[in-house]
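Below you'll find the structure, written out as structure tokens, and then a few comments.
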Amino acid sequence: QVQLVESGGGLVQAGGSLRLSCVASGRTFSTVTMAWFRQAAGKEREFVAHIDWNKTTQYSDSVKGRFTISSDIGKNAVYLQMNTLTPEDTAVYYCAAKSFLGTSSRLEYDYWGQGTQVTVSP
């Protein structure tokens, strides 16, 4: 099993920045993709970004150019730097993991964190 723990959420004004962290423990994989998803109230969980073991990244169109995903293999950690936040970014952000190649489909991910709330005020 893999345990994922997110941190770094909070309340920020529009235009501000936040950095989310996710630390993995338990069983680890040499070929793993880590991802961030988010779920706003009343909406489905949606893909934000992922990074694989080769540091290849992919972003959703809604965050491209504003968010940056990165990883630290030595710390079993993945980060999401979020800049120029808008109220539309308000959601619970989830860290997820899967083996092998990344995908934007939440159904493909085997492990999930408990989520961290991000609230962006106007």
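Would you confirm, using the coordinates I've provided, whether Val63 is within 18 Å of Ser7 (Cβ to Cβ) and either in a loop (DSSP other than H, G, I, E, B) or touching a helix residue (DSSP H, G or I) at 6+ places or on another chain (Cβ under 9 Å) (or both)? It is false that Val63 is within 18 Å of Ser7 (Cβ to Cβ) and either in a loop (DSSP other than H, G, I, E, B) or touching a helix residue (DSSP H, G or I) at 6+ places or on another chain (Cβ under 9 Å) (or both). Take the residues in the stretch 59-69 that are touching a residue at least 12 places away in the same chain (Cβ under 8 Å) and of a type in the set (Gly, Ala, Ser), then tell me which one is nearest to Ser99 (Cα to Cα). Selected residue: Ser60.
Thr68 meets all of the listed conditions (1) closer than 20 Å to Asp110 by Cα; (2) part of a strand (DSSP E or B) but one, namely (1). Within the stretch 101-122, residues that are on the phi > 0 side of the Ramachandran plot reach partners that are open to solvent by less than 40 Å² (accessible area, probe 1.4 Å) with beta carbons closer than 6 Å, at six or more positions or on different chains, in the pairs Gly115/Val92; Gly115/Tyr94. Look through Ser62, Ser104, Ser121 and report the one residue that is surrounded by 13 or more Cβ atoms within 10 Å (Cβ to Cβ) and modelled with pLDDT of 95 or more. Every option except Ser62 fails the conditions. Scanning the stretch 70-99 for residues that are farther than 18 Å from Ser17 by Cβ and either surrounded by 20 or more Cβ atoms within 10 Å (Cβ to Cβ) or free of Cβ contacts under 8 Å to residues at least 40 places away in the same chain (or both) yields Ser71, Asp72, Ile73, Gly74, Tyr94, Cys95, Ala96, Ala97, Lys98. Filtering the stretch 47-58 to residues that are without any contact (Cβ under 8 Å) to a residue 40 or more places away in the chain and open to solvent by less than 50 Å² (accessible area, probe 1.4 Å) leaves only Ala49.
Going by the structure shown, is Lys43 open to solvent by 30 Å² or more (accessible area, probe 1.4 Å), farther than 19 Å from Gly113 by Cβ and either not in a strand (DSSP E or B) or not aliphatic (A, V, I, L, M) (or both)? The answer is no for Lys43.
The values are calculated or read from the model by the stated rules, or taken from the named source; none is laboratory data. Since the model is a prediction, treat every value here as computed from it, not as a measurement. Positions of Cβ are backbone-derived with ideal geometry, glycine not excepted, and every protein chain shown enters the neighbour counts. Note: areas computed on protein heavy atoms with side chains; ligands, DNA, RNA excluded. Shrake-Rupley method; radii C 1.70, N 1.55, O 1.52, S 1.80 Å.
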